[in-house]
Amino acid sequence: MVDVQDVAPGRAADVSEWNAEADVVIAGYGIAGVCAAIEAARAGADVLILERTGGWGGAAALAGGFVYLGGGTPLQQALGFDDTPENMEAFLLAAVGPNADHAKIADYSHGSVEHYRWLVDCGVQFKQEFWGEPGWEPPHDEGLMYSGGENAAPFNTIATPAPRGHVPQMQNKRTGEKGGGYMLMKPLVETAEKLGVRVEYDTRIQRLILDDTGRVVGVAARRYGEEMAVRARRGIVLATGSFAYNEEMVAAHAPRLIGRPAAAIEEHDGIGIRVAQAVGAQVDAMDATEVAFFGDPQMLARGIVVNGRGQRYITEDTYPGRIGQATLIEQDNQAFLIIDDDSNEAARKTVTSTPFFRAQPTWVAESVAELEGEMGLPESSLQQTVSYYNEHAAAGADPLLGKKPEFLKPIGSPVAAFDMRGFTAGFPLGGLRTDLDGRVLASTRKPIHGLYAAGRCTAGICTGGYASGASLGDSSFYGRRAGRAAALS
């Protein structure tokens, strides 16, 4: 259990002077924070953002930029894809799994088209072009892509496949530096600035401040080593990110991520969760994790992925984050890609946004039997797997896992294997439990007055399985809700 004594709340009666104040105070200037600020300001509130770094953006500005939207957005329609809120909801419930928050998923799915229009009205641009190849993200500035395995088994039999990965149009794209996430944040920040939103940078929140009734009325923070107290006349919105870089919290709640590179930023230290817990906030899905897999999707789709027993365990043409989750959570991080020379060469000729994942194979052999021996797999295990796969691939079928016919080809010779053990990274998905208006809930399921939250410090629409774009999607969607609710409280 994480010690919360150092984040124990302060009392308003003990504050001798408020160093700053606003109607709505927002902690964090990433995607959740900026959307909260815009809606709060549009609702007539005076808004102040406290950002711990020297500039806006957070993890969102470094992200690939998928915003998970559907239900029939104008972009989907323009590119010829039919989708409905009910279809989107059916997919998300299946993809997230048994811990799905049905109310949030329904709410998000039915509000998705309006949210798309809101983003566009704020200046976010989506190019009317579809990228249909396997990949972590579009390699150019295409605006729409499958980003959750919607068109792969088993989901393509549960809900009608529709691409929902909406990517803001990019200029001078640099993956991991200036991609779709940056182009999402930039117009939103400009919108907030035009609305008069104020920002204090290099300001780290320390604890919440309560009045005598238990209402959250402010926050204690530290700036350049000096303590400061900031008053919120209507409400505080926590938008501080996940706990990916808090070692104690990761060990306590999501130990599978120990030693895995965190697909986040170092400022995601769980402070928003901790200060809220200190005033009685409830958390949810703290063990849920998104897991990236450092493999090239074009290569994965054309080969087979096997575990330490030489057995296939997931369809290789699905969303690579789903491969990552299955590998880390179900296969003890044991994964090998088996691919023949022709398929390997064909994959390497395709365009990819992640060329750095196209390494040289670990083993090469003239036969599967020889490869199996070099890899140290149980005798005949890989041979039986390949034999079964080849028999059905020759007929254009994959009865075991349902890979799409266009990627089915018998594995020939020479054949190679890539050692992908430990090729995973991730970030936690769990956090504060909130209602549909972003109000933070106590263990009684009742709102904590004056306290709101959105983004990765909350348990959003993905509390188990994941689809790329869900974080930026629900962070922006419920950031808006939280900001507006705080402004109108």
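Quick look at the values:
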| read-out | value |
| --- | --- |
| Two-site label geometry, residue 400 and residue 211: point separation in nm, points 7 Å out along Cα→Cβ | 6.5 |
| Local electrostatic count, residue 333, Cβ distance below 12 Å [Lys/Arg +1, Asp/Glu -1] | 0 |
| Highest to lowest packing among 54-60, 269-275, scored as the average C-beta count within 10 Å | 269-275, 54-60 |
| Total formal charge among the other residues, if their Cβ is under 12 angstrom from that of residue 131, Lys/Arg +1 and Asp/Glu -1 | -4 |
| Cross-link partners of residue 127 among aspartates and glutamates (Cα-Cα below 12 Å; sequence separation of 8 or more within a chain) | 141, 142 |
| Identified option (computed percent of Cα pairs over 31 Å apart; candidates (1) 40; (2) 44; (3) 51) | (2) |
| Net lengthening on full extension, residue 387/residue 226 (0.36 nm per residue, minus Cα-Cα) | 51.2 nm |
| Least to most buried among 351, 96 (fewest other Cβ within 10 Å first) | 351, 96 |
| Reachable aspartates and glutamates, given that their alpha-carbon falls under 12 Å from the alpha-carbon of residue 446 and they are not under 8 places away in the same chain | 435 |
| Rel. contact order, % - alpha carbon contacts under 8 angstrom, at least six apart, the chain | 24 |
| Per-residue ³J(HN,Hα) for the range 252-267, Karplus 6.51 cos²θ - 1.76 cosθ + 1.60, θ = phi - 60°, Hz, x for Gly and Pro | 6, 10, 9, x, 5, 7, 4, x, 8, x, 7, 7, 7, 10, 4, 5 |
| Degrees between helix 102-121 axis and first principal axis of the chain (Cα, 0 to 90, nearest 10) | 80 |
| Net charge of Cβ neighbours under 12 Å - reference residue 165; Lys, Arg +1; Asp, Glu -1 | -2 |
| Relative contact order of the range 297-422, defined on C-alpha pairs under 8 angstrom at six or more residues apart (%) | 35 |
| Inter-site label distance for residue 251 and residue 133 at 7 Å from Cα along Cβ, in nm | 4.4 |
| Karplus 3J(HN,Hα) series, Hz, for the range 352-368 with 6.51 cos²θ - 1.76 cosθ + 1.60 (x for Gly, Pro) | 9, 8, 10, x, 5, 8, 9, 8, 7, x, 7, 9, 9, 8, 7, 9, 5 |
| Extension gain (nm, one decimal) between residue 359 and residue 120, 0.36 nm per residue minus Cα-Cα | 82.2 nm |
| ³J(HN,Hα), Karplus 6.51/-1.76/1.60, whole Hz, each residue of the range 41-49, x for Gly, Pro | 5, 5, 7, x, 8, 7, 10, 10, 9 |
| Stretch gain in nm, segment residue 17-residue 332, where the contour uses 0.36 nm per residue and the Cα spacing is subtracted | 108.0 nm |
| Nearest 10 degrees, 0 to 90: helix 180-194 Cα axis against the chain principal axis | 20 |
| Neighbour-limited loop hits for GluC sites (Glu not before Pro), the range 196-274 (at most 15 other Cβ within 10 Å; DSSP other than H, G, I, E, B) | 266 |
| Part-to-part distance (alpha-carbon centres) for the range 190-216 and the range 313-344, which is given in Å | 43 |
| Structure-based [θ]222 nm, the chain - -39500 (n - 2.57) summed over DSSP H runs of at least 4, per residue, nearest 500 | -8500 deg cm²/dmol |
| Kirkwood Rh and Cα Rg combined as Rg over Rh, evaluated for the range 266-413 | 1.10 |
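Every read-out reported here was derived from the displayed coordinates using simple, explicitly stated rules and does not represent laboratory data. This is a predicted model, so every value here is computed, not measured. As a convention, Cβ positions derive from the backbone with ideal geometry for all residues, glycine included, and neighbour counts pool all protein chains shown.
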